[in-house]
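Everything on this sheet refers to the single structure shown next.
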Amino acid sequence: MRPIEIARRMAELGQQKEAQDAYTLTLHEGGTPAEELEAAVYILQSGGSYKVSYTAFLQLYRQGYFCDEIFSILTAAFYEPNRDELEGRYRRNCKLLKKYPYIFRKDFPSFDELPIRFYPFDESGYVPFYLAEGRYGDYIDFKNPVVSRNFFKNLDDPILADDVYSQYELEYLNDNVRPSEYIGKENHIYLHYTSWETFCAYLTCLNLRPLVKAEKVVFLIDKEIDRYPIDFKKEFGIDYSRYPLRPLGIREIHRLIWATQLSTHNGGDFFNEIFDSHPNLLAFPSIFSNDTENELLEAEEKLRTTPDETAAQRCMKTWNNPALVRELYQLRDRTAKDIMVAVYLRDRKQSSPFLDEGARIAPALFYQPHFGNLNYALHIDGNNHAVLHSDEYEQIRNSPIFHNFKYIKTFTPMRRITSSYAATIKFMLTYEPNLNPESGPMDNSILTRVLNRSFMIDRCDRLYRDSVLVRFEDGKLNPKATFTALAAFLDLPYTESMTYCSLFGERDPESLAGNDLGFSTAAIYRTNDKYANSAERAYLEYFMRDAYEYYGYHFQYYDGGPVDDAQVETWLSNFTTLDGHMIKVLSDVFRHSIREIQTENGTVLNVEDEFVESYMREVREHRRRVTEILRSGLRFVNKDGQPLQMMPRLELDPALLEQSLYR
């Protein structure tokens with residue numbers, strides 16, 4: 001029995017929910033156009049998911065089916081109930097602009113003459129209908145938290161942008177371009193719209209009040225672009241050069257650039273060194289996340305418990321910046337973000353030694369919270385899909401620092417997984433100060449690595465809505481192409497400071513004893529065979545094969561063919577390099593203090609060989625359990641059961657490549 005037949009029968013019996021489910025299945029599996037129209041109409045009229053019906057109507061209309069009927073349904077169900085709101089917003093915007101000094105055209109058409117109708121789809125998005133063409137366009141989310149272009153590529157002249165119709169981006173420009181009075185020169189935002197009629201139509205969806213209130217925007221329509229830039233002294237009698245340069249205020253900083261830690265040893269220090277001396281950033285190198293949180297809590301406690309500003313100055317005298325303490329203390333509704341910005345401004349010699357004080361834009365805050373490791377736990381949900389959980393990521397996601405920044409750009413460095421894995425083992429055995437008999441057994445690093453899928457993101461997660469992944473190897477081999485593209489994504493100018501590595505302004509620092517300097521490519525080709533063998537690397541490549549394929553890495557140890565149980569068991573049985581290191585550390589732990597080490601069931605073993613054997617047996621059994629889950633397929637979902645997606649990869653301009661792309 002076909003789903004449409006089941007749906008009709010359920011509808012006849014009055015079983016509404018079952019009928020809706022069957023009609024929805026009809027739309028998913030596909031039926032005739034008439035059946036799909038029937039399904040969409042029933043779901044809408046019976047109070048089912050209106051988005052399912054709405055989407056089906058649009059698909060049928062775009063295919064040329066039942067256009068008159070669907071237009072009538074969509075208009076009656078979605079446009080007419082919201083017409084008054086749309087018209088009211090249009091009238092308010094027109095009223096504001098008629099009084100606004102920096103728009104030079106005032107002949108606003110009536111609401112009914114507008115060439116585009118916007119049909120609400122959800123709380124922030126609309127589907128446009130182009131009346132002259134009789135066509136529905138693509139869904140538009142005016143509040144989508146994505147900055148889609150490099151507005152701040154060139155800061156020599158005032159900002160000029162064409163056809164900006166995103167509410168988010170309009171407010172972004174208004175919030176981040178400093179007023180002309182603050183920098184002592186003409187610094188308006190010039191918004192050029194190529195069509196007056198289209199611009200007016202979009203006024204039904206936008207809120208221009210924040211823009212016109214600040215009088216920072218100049219609207220140029222069509223050929224008025226020839227007026228860019230305006231001589232404000234000549235045309236309006238305003239001489240901005242009379243204004244002194246104003247120091248940055250705490251609440252002028254609205255942008256956060258989050259450099260994530262994908263896992264250990266992915267080249268995070270290298271990227272920090274690229275951004276170190278950027279003139280439009282407040283940037284520290286890697287900071288341990290807990291240290292940051294603790295410093296902010298301590299500062300907030302001092303500010304909250306002091307009775308007056310004088311007491312606050314005494315408590316925070318180590319800041320050596322009375323003006324900054326005063327500004328922070330006097331802020332109303334002070335947030336963790338305010339304190340974070342103040343900390344960066346306080347330590348200017350470290351966070352921004354080359355900051356351009358007179359720049360047209362307020363700097364972004366560059367933050368790379370660091371963890372000793374990122375650990376992920378795996379469990380299976382009711383639909384047999386893998387769900388990953390990381391306490392470290394939850395700490396970031398719940399941090400008030402991230403909640404209070406209005407604009408967030410996220411980028412993640414990635415290094416070839418087998419290379420970063422071997423480098424991690426090397427670091428643990430060579431440099432790790434905590435890896436000693438008192439700190440316990442060595443981490444089961446291969447599971448830590450294979451479960452760390454930080455490159456897979458939840459598109460609904462605010463922190464990843466505007467994100468990109470950057471390959472470490474691209475940065476080393478093709479720095480100009482990589483950092484030109486990364487600057488464009490982060491909406492920064494590509495500056496001379498991004499052509500070299502530095503730390504607090506010092507060129508080519510040694511971030512760790514023995515580390516490669518600057519743009520040396522040695523780390524790309526170093527094999528570190530002492531710390532990882534071919535079985536361990538083949539295992540990683542196979543179970544991370546989706547990442548290898550998506551991000552353009554060729555396999556070096558896994559041959560790319562089918563893998564059966566015997567092959568997996570062969571790999572698992574030959575983790576001799578990792579296990580050898582783990583056993584060595586375990587033996588040291590045993591000899592130091594057997595009392596501190598227990599097996600999973602709580603039994604304390606008194607014989608070294610038995611202890612090591614028992615512990616490693618549990619480690620290997622745990623690997624097999626996780627491997628069995630991964631063998632069922634690399635399907636990962638969020639807590640709501642929705643599939644995770646690969647973070648987009650930074651695309652490089654082929655014309656800027658200095659060497660072939662690394663594979």
Hits in segment 235-272 (condition: among the charged types (D, E, K, R) and either crowded, with 23+ Cβ neighbours inside 10 Å or under 18 Å from the mean Cα position of the chain (by Cα) (or both)): ARG255
Subset of segment 130-145 (residues that are in contact with a Phe, Trp or Tyr (Cβ under 6 Å, 6 or more places away or on another chain) and of a type in the set (A, V, I, L, M)): ILE140
Every residue from segment 280-289 that is part of a loop (DSSP other than H, G, I, E, B) and either basic (Lys, Arg) or open to solvent by less than 30 Å² (accessible area, probe 1.4 Å) (or both): ASN280, PHE284
Top-ranked residue of segment 48-65 - restricted to ones that are of a type outside the set (Ser, Thr, Tyr) and open to solvent by less than 70 Å² (accessible area, probe 1.4 Å), ranked as nearest to VAL127 (Cα to Cα): LEU58
Residues of segment 321-353 satisfying the condition of being modelled with pLDDT of 90 or more and assigned to a loop (DSSP other than H, G, I, E, B): ASN321, LEU331, ARG332, ASP333, ARG334, THR335
Single residue of TYR65, TYR79, TYR42, TYR61 found to be touching a Cys at 6+ places or on another chain (Cβ under 6 Å) and of a type outside the set (A, V, I, L, M): TYR61
Filtered residue count, segment 157-199, keeping only those that are in contact with a His (Cβ under 8 Å, 6 or more places away or on another chain) and open to solvent by 10 Å² or more (accessible area, probe 1.4 Å): 5
Residues that are in contact with a helix residue (DSSP H, G or I) (Cβ under 7 Å, 6 or more places away or on another chain) and open to solvent by 40 Å² or more (accessible area, probe 1.4 Å), drawn from segment 200-227: ASN207, ARG209, PRO210, ALA214, ASP222
Test: residue in segment 79-93 that is open to solvent by less than 30 Å² (accessible area, probe 1.4 Å) and within 20 Å of GLU133 (Cα to Cα): yes
Which listed residue is of a type in the set (Phe, Trp, Tyr) and open to solvent by 10 Å² or more (accessible area, probe 1.4 Å), from PHE483, PHE489, PHE455: PHE489
Filter pass, THR292 being under 23 Å from ASP391 (Cα atoms), of a type in the set (Ser, Thr, Tyr) and either assigned to a helix (DSSP H, G or I) or modelled with pLDDT of 95 or more (or both): yes
Some residue of segment 31-47 being open to solvent by 20 Å² or more (accessible area, probe 1.4 Å) and among the β-branched types (Val, Ile, Thr): yes
Looking only at segment 28-41, and only at residues there that are modelled with pLDDT under 95 and under 38 Å from the mean Cα position of the chain (by Cα), the one that is farthest from ALA56 (Cα to Cα): GLU29
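One line per residue, one yes/no per condition, for (1) open to solvent by less than 20 Å² (accessible area, probe 1.4 Å); (2) in contact with a Pro (Cβ under 9 Å, 6 or more places away or on another chain); (3) at pLDDT 95 or above:
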site: SER502; (1), (2), (3): yes, yes, no
site: SER511; (1), (2), (3): no, yes, no
site: SER520; (1), (2), (3): no, no, no
site: ARG526; (1), (2), (3): no, no, no
site: ASP529; (1), (2), (3): no, no, no
site: ALA535; (1), (2), (3): yes, no, yes
site: TYR539; (1), (2), (3): yes, no, yes
site: TYR550; (1), (2), (3): no, no, yes
site: HIS554; (1), (2), (3): no, no, yes
Selected residue (only one of GLU87, GLU69 is modelled with pLDDT of 95 or more and under 22 Å from GLU113 (Cβ atoms)): GLU87
Cross-chain or 6+ apart pairs with Cβ under 9 Å, segment 226-254 first and farther than 11 Å from SER180 by Cβ, then part of a loop (DSSP other than H, G, I, E, B) and open to solvent by 90 Å² or more (accessible area, probe 1.4 Å): none
Close pairs (9 angstrom Cβ cut-off, 6 or more residues apart or separate chains): within 17 Å of GLU473 (Cβ to Cβ) in segment 644-663, open to solvent by 70 Å² or more (accessible area, probe 1.4 Å) and assigned to a loop (DSSP other than H, G, I, E, B) anywhere: ARG663/HIS554
Answer residue from segment 562-582, given it is open to solvent by less than 60 Å² (accessible area, probe 1.4 Å), assigned to a helix (DSSP H, G or I) and aliphatic (A, V, I, L, M) and is farthest from GLU613 (Cα to Cα) among those: VAL568
Condition check for ARG117: open to solvent by less than 70 Å² (accessible area, probe 1.4 Å), of a type in the set (D, E, K, R), outside any helix (DSSP H, G or I) and under 27 Å from ALA132 (Cβ atoms): yes
Filter result (open to solvent by less than 80 Å² (accessible area, probe 1.4 Å) and hydroxyl-bearing (Ser, Thr, Tyr)) within segment 306-357: THR306, TYR329, THR335, TYR344, SER351, SER352
Residue tally, condition surrounded by 15 or more Cβ atoms within 10 Å (Cβ to Cβ), part of a loop (DSSP other than H, G, I, E, B) and in contact (Cβ under 8 Å) with a residue 60 or more places away in the chain, over segment 129-145: 3
Filter result for LEU492 (farther than 22 Å from GLU394 by Cα and hydrophobic (A, V, I, L, M, F, W, C)): yes
Only one of LYS17, LYS95 that is under 30 Å from LEU220 (Cα atoms), among the basic types (Lys, Arg) and without any contact (Cβ under 8 Å) to a residue 40 or more places away in the chain: LYS95
Filtered residue count, segment 459-480, keeping only those that are part of a strand (DSSP E or B) and either open to solvent by 40 Å² or more (accessible area, probe 1.4 Å) or farther than 16 Å from TYR662 by Cα (or both): 2
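The values are calculated or read from the model by the stated rules, or taken from the named source; none is laboratory data. Computed from a predicted structure; not experimentally measured. Because the Cβ atoms are built from the backbone with ideal geometry, glycine has one as well, and the counts that use them run over all protein chains shown. What goes into the accessible areas is simple: the full protein's heavy atoms, side chains included, and nothing from ligands, DNA or RNA. Shrake-Rupley method; radii C 1.70, N 1.55, O 1.52, S 1.80 Å.
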